[in-house]
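This report concerns only the one structure given below.
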Amino acid sequence: MSSDRIVDARGLSCPQPVLMTRRALEESGDLPLTVLVSTVTSRENVIRFGTSKGLKVSFEETPEGDFRVTFSR
């Protein structure tokens, strides 16, 4: 069983969070994959990307006000 992988895209503007997510999935399809983002726009774009790939997507807001988006099968 693999451990959770994390992509830290906090503070980056779109399309960087989506590009980083795509790269992480291409390098290794291991899931779950968690992506950390700072803005609602980045959150929505990363979620849209994941659902377009047929992945289950969930998210939560962190105590710091960032967002944790998690992809699974």
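No value in this document is a laboratory result; all are computed from the given coordinates. Because the structure is a prediction, the values reported are computed rather than measured. All Cβ positions, glycine included, derive from the backbone under ideal geometry; neighbour counts span all protein chains shown.
At a glance:
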read-out	value
Residue selected from the stretch 29-57 under the condition among the polar types (S, T, N, Q) and in contact with a strand residue (DSSP E or B) (Cβ under 7 Å, 6 or more places away or on another chain), by the criterion nearest to Thr70 (Cα to Cα)	Thr34
Subset of the stretch 21-30 that is buried (at least 18 other Cβ atoms within 10 Å of the Cβ) and in contact (Cβ under 8 Å) with a residue 24 or more places away in the chain - its residue that is nearest to Arg10 (Cα to Cα)	Thr21
Matching residues in the stretch 31-52 - criterion: being touching a residue at least 12 places away in the same chain (Cβ under 8 Å) and exposed (fewer than 13 other Cβ atoms within 10 Å of the Cβ)	Val40, Thr41
Filter result (loosely packed, with under 15 Cβ neighbours inside 10 Å and within 11 Å of the chain's Cα centre (by Cα)) within the stretch 61-73	Ser72
Those residues of the stretch 28-73 which are farther than 18 Å from Asp4 by Cα and either assigned to a helix (DSSP H, G or I) or among the β-branched types (Val, Ile, Thr) (or both), in sequence order	Thr39, Val40, Thr41, Ser42, Arg43, Glu44, Asn45, Arg48, Phe49, Thr51, Ser52
Members of the stretch 1-37 found to be over 9 Å from the mean Cα position of the chain (by Cα) and among the polar types (S, T, N, Q), listed by number	Ser2, Ser3, Ser13, Gln16, Ser28
Residue list for the stretch 1-22, filter: aliphatic (A, V, I, L, M) and in a helix (DSSP H, G or I)	Val18, Leu19, Met20
Flag for Leu25 being touching a Lys or Arg at 6+ places or on another chain (Cβ under 9 Å), part of a loop (DSSP other than H, G, I, E, B) and closer than 21 Å to Arg73 by Cβ	no
